[in-house]
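Since the structure comes first, as structure tokens, the remarks are kept for the end.
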Amino acid sequence: MKQKIICILVLAVIIILPVFLLSDFRLSILSKFVVFAIVAISVNLLWGYTGVLSLGHGVYFALGGYAMAMYMKLQAQPLPDFMEWSGIETLPWFWKPFQSLPFALAMTVILPVTLALLVGVPLFKSGTKGVYFTIISQAITLIVSILFVGQQGFTGGSNGITGFKGVFGYPIGDPTLIKILYGLAVAVVIAIYFVSKFMLRTHGGVIIQAIRDRETRLRFLGYRTDSFKILTLATSAAMCGVAGALFVPIVGIISPSLMSILMSTEFVIWVAIGGRGTLLGPIIGALVINYAKTSFSESLPEYWWYFYGFLFIAATLIVPKGIVGTLKEKEWFQNRFNKLKTEHE
């Protein structure tokens with residue numbers, strides 16, 4: 001009990017210190033990393049625990065972001081500037097409900113979940129799995145991103161949506177807003193961590209892990225594994241949408257580039273390096289990799305992509321089970337060794 005209290009206090013100090021030690025710019029960057037940690041948790045829930053690799057989570061992330069961006073844009077301009085440039089004189093009917101914050105917040109979850117169901121139901125019901133699902137998720141990502149780029153008058157095209165004035169009554173860039181968004185991002189990642197932990201301890205959580213390990217045997221026992229995979233995909237998409245909604249006020253832009261296959265691949269890399277199938281692994285992976293990425297891009301702007309690739313290869317060779325997975329494995333062997341030593345004595 002005392003150790004748990006000490007851990008909570010240490011964690012609280014680690015979370016609070018950046019508010020006082022970092023500049024507003026650095027704190028905003030850290031907030032973005034925390035948001036990416038939410039995405040990593042969502043990818044890990046589907047890939048790490050259910051065994052379904054998706055390279056299309058960038059779409060769910062971006063849809064949540066667009067929903068929030070539409071609300072923020074309408075608070076800045078009754079008719080977005082990119083619509084005026086495209087010759088649109090009145091606000092489209094599907095934009096009007098986004099003048100309401102509750103509606104926009106609801107859409108940050110509903111839109112990604114709806115797409116996830118449209119993708120998951122026909123694919124999983126038809127028995128699609130493995131690399132075939134991964135390839136189709138890439139194709140869907142490409143289709144949606146092309147659609148958003150092509151609809152310049154409604155989505156802002158390749159430039160996306162930007163030019164926000166503020167949110168929650170504070171202007172963009174205000175020091176108070178930066179601190180609020182950091183606190184909100186941390187609160188959400190902690191909440192999603194514990195929600196995921198609770199889910200994995202339920203009967204359904206045991207089932208999805210069994211799907212990853214022995215799906216055929218589970219089907220033989222009478223379980224409808226496709227339904228569990230659909231539900232997990234929808235839950236994962238909802239988490240991604242929430243992350244996208246937080247990303248927009250922190251960064252100040254949303255664009256189709258966030259839907260790219262490259263972005264979705266990065267999500268998977270964070271999980272792989274942090275530790276697939278662990279709760280803390282994705283969080284650590286997202287924070288460490290994005291910190292390294294930012295550091296390399298600032299100090300070596302021409303070569304940072306090479307360092308980024310080398311970092312991934314090195315981590316894969318040195319810690320194939322991820323940072324947390326490797327540490328857990330060493331801890332297990334150490335405990336086993338100590339037990340055998342005690343029995344021998």
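Here, each number is a calculation from the coordinates, and none is a lab measurement. All values derive from a computational prediction rather than experimental measurement. Cβ sites come from the backbone with ideal geometry, for glycine too, and all protein chains shown count toward neighbours.
For this structure, a couple of remarks:
- In plain terms, the chain from TRP93 to TYR132 could stretch by 10.3 nm, reckoned as 0.36 nm per residue minus the Cα-Cα distance.
- Counted residue by residue at 0.36 nm each, then reduced by the alpha carbon distance between them, the extension gain from MET199 to SER86 reaches 36.0 nm.
- Here the Gaussian network model covers the chain, with springs between Cα atoms less than 10 Å apart; of GLU266, GLU298, GLU84, GLU298 fluctuates the most.
- Burial order of peptide ranges 239-246, 119-126, 44-51 (average beta-carbon count within 10 Å, highest first): 239-246, 44-51, 119-126
- Options (1) 70, 42, 40; (2) 71, 49, 42; (3) 83, 53, 42 - which one matches Cα extents along the principal axes in Å as calculated here: (3)
- Modelled this way, with points 7 Å down the Cα-to-C-beta line, the labels at ASP213 and LEU11 are 2.5 nm from one another.
- Summing charges over neighbours of LYS165, with a neighbour being any other residue whose Cβ is under 13 Å away from its Cβ, gives -1 when K and R count +1 and D and E count -1.
- Too-long pairs where the Cα-Cα distance tops 24 Å, listed order kept, from LYS73/LYS179; LYS125/LYS328; LYS32/LYS229; LYS293/LYS328; LYS293/LYS321: LYS125/LYS328; LYS32/LYS229; LYS293/LYS328
- In nm, spacing of pseudo-spin labels at LYS125 and PHE25 (7 Å Cα→C-beta vector): 5.3 nm
- Theoretical FRET efficiency, 1/(1+(r/R0)^6), r = Cβ-Cβ of GLN77 and ALA139, R0 25 Å, to 0.05: 0.10
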